[in-house]
1. Taking interchain pairs and intrachain pairs at least six residues apart, which have beta carbon atoms under 8 angstrom, with the first residue in the range A:353-368 and more than 26 Å from A:Leu457 (Cβ to Cβ) and the second loosely packed, with under 14 Cβ neighbours inside 10 Å?
2. Taking the range A:354-382, which residues are touching a helix residue (DSSP H, G or I) at 6+ places or on another chain (Cβ under 7 Å), under 26 Å from B:Arg190 (Cα atoms) and not in a strand (DSSP E or B)?
3. Where residues in the range A:200-236 are part of a strand (DSSP E or B), in contact with a Pro (Cβ under 8 Å, 6 or more places away or on another chain) and of a type in the set (A, V, I, L, M), which of them is nearest to A:Leu165 (Cα to Cα)?
4. Grab the helices (runs of 4 or more DSSP H) fully contained in the range A:237-333, keeping just those with 3 or more residues being at pLDDT below 75.
5. I need the full set of residues from the range A:126-149 which are charged (D, E, K, R) and assigned to a helix (DSSP H, G or I), in order please.
6. Please find, within the range B:85-129, the residue that is nearest to B:Leu288 (Cα to Cα) out of those that are among the polar types (S, T, N, Q) and outside any helix (DSSP H, G or I).
7. Tell me, yes or no, whether the range B:214-225 has at least one residue that is modelled with pLDDT of 80 or more, part of a helix (DSSP H, G or I) and within 9 Å of another protein chain (Cβ to nearest Cβ).
8. Take the range A:430-447 and flag every residue that is among the hydrophobic types (A, V, I, L, M, F, W, C), modelled with pLDDT of 90 or more and within 15 Å of the chain's Cα centre (by Cα).
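The values are calculated or read from the model by the stated rules, or taken from the named source; none is laboratory data. Because the structure is predicted, anything quoted here is derived from the model rather than measured. For neighbour counting, all protein chains shown are included, and Cβ atoms are generated from backbone atoms with ideal geometry for every residue, glycine included.
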Amino acid sequence: MTSVLTFEAVSYTYAGARGSSLRDVDLTVEPGEFVVLAGRSASGKSTLLRAAAGLVPHFHGGTFGGRVTVGGLDTREHGPADLSSVAGSLFQDPESQVVLTTVRSELAFPLENRGEAPAAIARGVEEAALALGIGHLLDRPTAELSGGELQRVALGAALAGRPRLLLLDEPTSQLDPVAGDELIWLLRRLNEEWGTTILLAEHRLERCLAAADRVIAMADGAVACDAPPRAFLAWAAEHDPPLQTPAARLFSLAGLTPPPTGVKDARTHPALTGVRPVPLHASQAQRNGSDPEAGWRRAKPALKLDGVWHEYRGGRAVLRGVDLKLHPGERVALMGRNGAGKSTLLRHAAGLMQPTRGKVKTTGRVALLLQHPDDYLLHERVADEASPSALAAVGLADVADRHPRDLSGGQRQRLALAIVLDGSAGGPDPVVVALDEPTRGMDRATKADLAVRLRRLAAEGAAVLVATHDPEFAAEVADRVVLLAEGRPIADGPAHEVLAGGWYFATETARVTDGAALLPAEAARLLTARVDREARSA
Amino acid sequence: MRYVRCASPLHAARAAAGGLWCCALAFAALTAEHPVVLGALALGVMVAAVLAGVGRPVVKLACWLLPWALVVAVINVLVVRQGLTVIARLGEVPPFGQVDLTLEGLVFGLMFGLRLLTVALVFAVFSSAVDPDDLLRGLRRMSLRSALAATLATRLVPVLAADARRIDEARRCRADGGGTGAGARVAVLRAVASNALDRALDVAATLEVRGYATAHPHRGQTRSVAFSAISAKRNGTGLTPGWGRTRRGGRPWSRHDLAFTASAVTVAALATAARLQDVAHFGAYPQLAADPVGQALALAAVLLLAALAPFANRRGIVP
């Protein structure tokens with residue numbers, strides 16, 4: 001059988017770049033494979049996908065060596081438009097991936113470009129829409145769709161021509177856990193039923209590893225590992241631990257083998273059966289009067305929302321009578337599906353929006369870090385964006401003379417944080433630090449770094465409020481989780497309770513351990529303690 | 001300002017016909033000499049916008065543009081020294097030097113502002129009521145580059161507008177408050193402009209991977225247009241299929257297509273004839289000189305009638 005995608009000694013350097021983004025890459029993807037592309041930020045995943053789509057080098061220029069063949073077409077001779085009949089592509093930002101004004105036109109567009117007959121176009125549109133569950137959106141203007149809906153429409157456009165190969169660059173980064181899981185299972189279905197080959201770049205491997213046949217790990221533009229999921233996890237434990245899934249990390253810390261590829265796989269391990277020892281929860285501690293944080297709970301709230309409503313002119317309500325109090329030093333994660341009202345709530349807290357009913361009270365400034373850190377960059381030098389002390393506080397003092405847009409994604413986010421927190425900028429120190437989806441597109445190491453910074457801010461007395469779709473990050477950062485649905489809180493409690501009891505808004509470790517622990521280290525301690533206990537009793 | 005699908009004769013017409021009609025109106029506005037004709041055209045465009053169901057955004061734009069039209073008039077009267085009827089002597093005014101305000105300069109400036117306003121309103125009607133997707137398909141058959149430029153432009157405007165909103169919000173979240181007034185706006189504008197190239201590249205990359213610049217001939221182009229007609233009927237806008245001829249199996253010409261095309265040709269012909277025959281002539285310099293108002297009124301009435309006639313046929317348009 002002919003390979004659907006081959007890379008032969010491919011090296012590539014973007015025009016004007018100092019280093020290579022791809023270095024001597026050799027790989028082959030066979031028809032019908034589901035391949036996950038793993039790696040830290042800037043490891044070359046997106047460039048590899050762009051090379052497979054023909055955008056590298058035809059669109060981006062630069063220096064290209066080696067040979068990429070897609071469905072038998074050499075990308076040196078065939079541009080992205082020619083390759084589109086073989087490979088469908090979906091990138092990270094759905095906003096710039098939808099080019100026409102209605103969903104139907106958008107889905108029909110690639111088919112029209114290929115000169116398909118009207119009947120084939122109609123059928124292609126209908127089938128893509130049904131497969132993705134967007135049939136009801138077909139006649140909606142694309143300008144009115146949410147980020148999640150736009151992402152599905154863009155995927156529909158990539159799928160409409162029934163390409164043999166689907167190239168996806170972090171398609172779930174803007175989706176809530178429910179929509180993210182649905183998308184991965186949809187890809188699995190396309191892979192199984194249509195035989196579509198999938199090449200998927202993703203940071204949150206726990207979401208897709210169970211569906212994958214194979215994982216290719218990239219490091220510094222080269223293929224560092226190419227193996228089935230279990231072998232990849234064993235490699236990651238040894239060579240690049242941040243690439244491990246939470247369940248695999250739990251196994252690694254607890255000294256269990258082999259590493260599990262998913263929750264089901266992990267739960268079948270004998271060591272995990274019957275794990276029920278529930279640790280002392282925060283709520284229990286409060287009842288016992290031993291809560292070390294009870295002091296700040298008695299303090300005046302730094303932020304108080306009193307029956308806050310936000311309604312649009314047409315009558316649609318985004319927030320419905322939200323009551324919320326945040327105390328100094330408290331770390332709260334705000335979770336919920338796309339469109340649940342998380343971003344709107346943060347905007348109300350920061351005074352960017354006014355409630356149609358209810359009141360928002362704060363004891364001082366609310367620093368809000370919005371979803372796109374790049375939006376904060378208004379100057380030509382990092383040093384012009386924030387004061388030296390603010391830059392030093394986020395570890396960017398050594399890049400003060402660089403252009404902000406030359407920084408890496410993680411650095412740009414730290415710079416944005418410095419901009420909103422800057423104590424020397426004339427404004428008062430913030431009493432609340434609010435962040436909207438700060439981990440989007442971040443690798444695990446950068447997330448861990450951000451979590452440390454947020455804990456430090458809370459320790460200094462600021463209330464931290466983070467809207468996130470990432471249960472692992474919420475568990476790492478927050479001591480309290482508020483779950484929003486349809487604009488109102490449906491759960492509000494200690495992280496150990498809220499993140500342990502659900503299916504979607506629960507960490508992978510919680511699902512593996514039946515809610516006994518939220519994070520791998522915690523679960524590993526639990527397991528080790530149990531093994532010791534059993535050894536002693538034996 | 002973006003395309004909003006609704007039930008109106010202009011929306012029901014194919015994009016080529018709607019676009020031609022808008023071009024004809026803009027042409028008439030650019031060639032009209034008499035203020036009565038120009039004013040009538042501006043009024044006609046507003047009435048057309050209301051009849052097309054896009055009155056609100058177009059009137060909003062008119063309110064926003066009106067002060068700018070007046071600014072144009074003021075600048076003209078300050079810098080042009082061709083008129084003979086002095087209405088005020090301001091003496092030495094830096095940087096303009098000796099300034100004598102003339103009636104002719106004022107009238108010419110007001111007309112120039114009104115002309116710009118009318119053309120902008122025509123463009124607003126075009127943006128709100130002519131389907132850019134349909135136009136893109138039509139353009140693609142003529143020139144890939146024009147279609148690509150048009151697509152980038154139509155797609156980029158809303159994307160950049162969204163960027164500007166986000167960047168402005170981020171500016172307000174800065175610890176120093178992000179500044180106020182013109183300086184803050186300039187900072188946002190500069191950031192949006194520096195994003196524009198990246199955004200254009202993103203959109204262009206998407207077009208590429210959707211097969212936009214496919215090298216092989218589009219064997220189904222005429223048929224794909226037929227499909228868009230089918231989808232337009234399906235999409236619940238209340239538009240009914242029209243009658244007309246079918247060319248090479250393409251989408252049949254509806255009565256709205258024919259009406260707007262005929263209207264465009266008539267308006268363009270009238271405007272050309274009026275200019276060539278010096279009908280409703282108006283000269284600002286050196287002294288105001290105009291044909292009788294009756295002649296201008298007659299021309300304005302005929303132009304308005306020709307431009308608005310297609311809206312009379314509302315059969316099949318469900319409100």
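1. Close Cβ pairs (under 8 Å, with a partner that is loosely packed, with under 14 Cβ neighbours inside 10 Å) amount to A:Arg357/A:Gly307; A:Gly358/A:Gly307.
2. A:Leu370, A:His372, A:Pro373, A:Asp374, A:Asp375, A:Tyr376, A:Leu377, A:Leu378, A:His379, A:Val382
3. Step one: filter the range A:200-236 for residues part of a strand (DSSP E or B), giving A:200-201, A:214-219, A:222-227.
Narrowing the set further to residues that are in contact with a Pro (Cβ under 8 Å, 6 or more places away or on another chain) leaves A:200, A:214-215.
In the following step, the residues that additionally are of a type in the set (A, V, I, L, M) were identified as A:200, A:215.
Details: A:Leu200: 11, A:Val215: 16 Å.
Restricting to residues being part of a strand (DSSP E or B), in contact with a Pro (Cβ under 8 Å, 6 or more places away or on another chain) and of a type in the set (A, V, I, L, M), the top hit is A:Leu200.
4. Numbers: elements: A:246-254, A:263-267, A:282-288, A:294-298.
Answer list for the range A:237-333: A:282-288, A:294-298.
5. Initially, the range A:126-149 is screened for residues charged (D, E, K, R), giving A:126-127, A:139-140, A:144, A:149.
Across the range A:126-149, the qualifying residues are A:Glu126, A:Glu127, A:Glu144, A:Glu149.
6. Narrowing the range B:85-129 to residues among the polar types (S, T, N, Q): B:85, B:98, B:102, B:118, B:127-128.
With outside any helix (DSSP H, G or I) added as a condition, the list becomes B:85, B:98, B:102.
Details: B:Thr85: 9, B:Gln98: 22, B:Thr102: 11 Å.
Result: B:Thr85.
7. Kept after step one, since they are modelled with pLDDT of 80 or more, are these residues of the range B:214-225: none.
No, because not a single residue in the range B:214-225 is modelled with pLDDT of 80 or more, part of a helix (DSSP H, G or I) and within 9 Å of another protein chain (Cβ to nearest Cβ).
8. First, the residues of the range A:430-447 that are among the hydrophobic types (A, V, I, L, M, F, W, C): A:431-435, A:442, A:445.
Keeping just the survivors that are modelled with pLDDT of 90 or more gives A:431-435.
Residue satisfying the conditions is A:Leu435 alone.
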